[in-house]
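These notes concern the structure reproduced below.
The values are calculated or read from the model by the stated rules, or taken from the named source; none is laboratory data. Just so it is clear, the structure is predicted and the values come from calculations on it, not from any experiment. For neighbour counting, all protein chains shown are included, and Cβ atoms are generated from backbone atoms with ideal geometry for every residue, glycine included.
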Amino acid sequence: MDKQEGFSSDYMARFAGSLSSELNISEIIQLAGRNMKLGLLTIFGDEENAKIYFDKGNIVSASCGHLNGFNALVETISWKHGGFIFEEGLTTNNINIGRDYSTALLNAVKKLDERNYSPGGVDSLPDAGEEKTMTSLKEQLEDFLKVEGVITVVVVGRDGFIIDASSKGDLNINDVGAVVSTGMGSSESMGIDLRVGNMNQGMLEYEDGIIFMREISEDAILVVVSTPQVNLGMIRFQMKKRMGDIVAALE
């Protein structure tokens, strides 16, 4: 690809590359959004290209083949292969999204999740007013394992007692309960000592994995153990999406 006029070679080196398990489109979008970039992100797919315009923290426009706007963004974040380049300073008059990057990305991940996990596609999903069938706690936890990179999901009491769990790895579930119970207590003590209040959720990154913890109630904690390559936005979305059903299943 030729060097674009007005861009330094250093800039091009840092903002062009290939998609991989370590760097997916959602992470590139977050990087551009957090750094308040103004410009065009082009993703080169196997069969077609996608274009996403940014304006200082907002996604203003997206296109992908015959798709435009939000549907184009949903399709693009599903790609796992291809190349990308971010060209700073490029703008468009075609405004078809106009939302801050985090909101736009969260909604796109939600729609992609619905598309992937609904047997009949998005059109078969229940309407907002249609009654949904209550699922068990075990089913809720097993759904987390559908997210690429998630290894183990546990609901543990503050005393370390395992309430329920689902796993596709070789972790000892009882060990997870004991360790998380101790770690959550230490984290909450830190919050009190630093006068920042009670801990609602947390994330710990390690060399070989990531641990997510979120308070479900006064007595229970949701724990997700994953590989380092997991899509962080998808985990946060799944936690937010399923929290109500998980709480209901515990009652």
request  = Answer yes or no as to whether residue 235 is farther than 18 Å from residue 250 by Cβ, modelled with pLDDT of 85 or more and not hydroxyl-bearing (Ser, Thr, Tyr).
outcome  = no
inquiry  = Which pairs turn up if I take residues in the stretch 226-244 that are among the hydroxyl-bearing types (Ser, Thr, Tyr) and look for partners that are outside any loop (DSSP other than H, G, I, E, B) with beta carbon separation below 7 Å, at least 6 apart in sequence or on another chain?
reply    = 226/150; 226/151; 226/209; 226/210; 226/235; 227/151; 227/209
message = Just to verify a result, which residue in the stretch 187-205, among those that are surrounded by 11 or more Cβ atoms within 10 Å (Cβ to Cβ) and among the small types (Gly, Ala, Ser), is farthest from residue 163 (Cα to Cα)?
response = 191
ask   = Does residue 250 qualify as being surrounded by 12 or more Cβ atoms within 10 Å (Cβ to Cβ), under 23 Å from the mean Cα position of the chain (by Cα) and farther than 22 Å from residue 108 by Cβ?
value = no
task = Filter the stretch 78-112 down to residues that are at pLDDT below 90, surrounded by 20 or more Cβ atoms within 10 Å (Cβ to Cβ) and under 16 Å from residue 41 (Cβ atoms), then give me how many there are.
result = 5
inquiry  = List pairs: first residue in the stretch 69-83 and more than 9 Å from residue 50 (Cβ to Cβ) and among the aromatic types (Phe, Trp, Tyr), second residue at pLDDT below 90 and crowded, with 16+ Cβ neighbours inside 10 Å anywhere in the structure, Cβ distance under 7 angstrom, at least six positions apart or on different chains.
reply    = 70/97; 70/108
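Let me confirm something: among 191, 157, 169, which residue is among the small types (Gly, Ala, Ser) and closer than 21 Å to residue 231 by Cα? I'd like the intermediate steps shown before the answer.
Details: 191 fails: closer than 21 Å to residue 231 by Cα; 157 fails: closer than 21 Å to residue 231 by Cα.
Step by step, each of 191, 157, 169 is checked, and only 169 is among the small types (Gly, Ala, Ser) and closer than 21 Å to residue 231 by Cα.
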key: From the options 199, 234, residue that is closer than 24 Å to residue 31 by Cα and either outside the structural domain of residue 25 (by TED's automatic domain parsing) or of a type in the set (Gly, Ala, Ser) (or both)   = 234
query = Listed residues 208, 245, 219; which is buried (at least 16 other Cβ atoms within 10 Å of the Cβ) and at negative phi?
reply = 245
inquiry  = Residue under question is residue 167, and the condition is that it be polar (S, T, N, Q), at pLDDT 75 or above and surrounded by fewer than 16 Cβ atoms within 10 Å (Cβ to Cβ); does it hold?
reply    = no
Number of positions in the stretch 81-94 that are touching a Ser or Thr at 6+ places or on another chain (Cβ under 6 Å) and either of a type in the set (A, V, I, L, M) or closer than 14 Å to residue 62 by Cα (or both) = 3
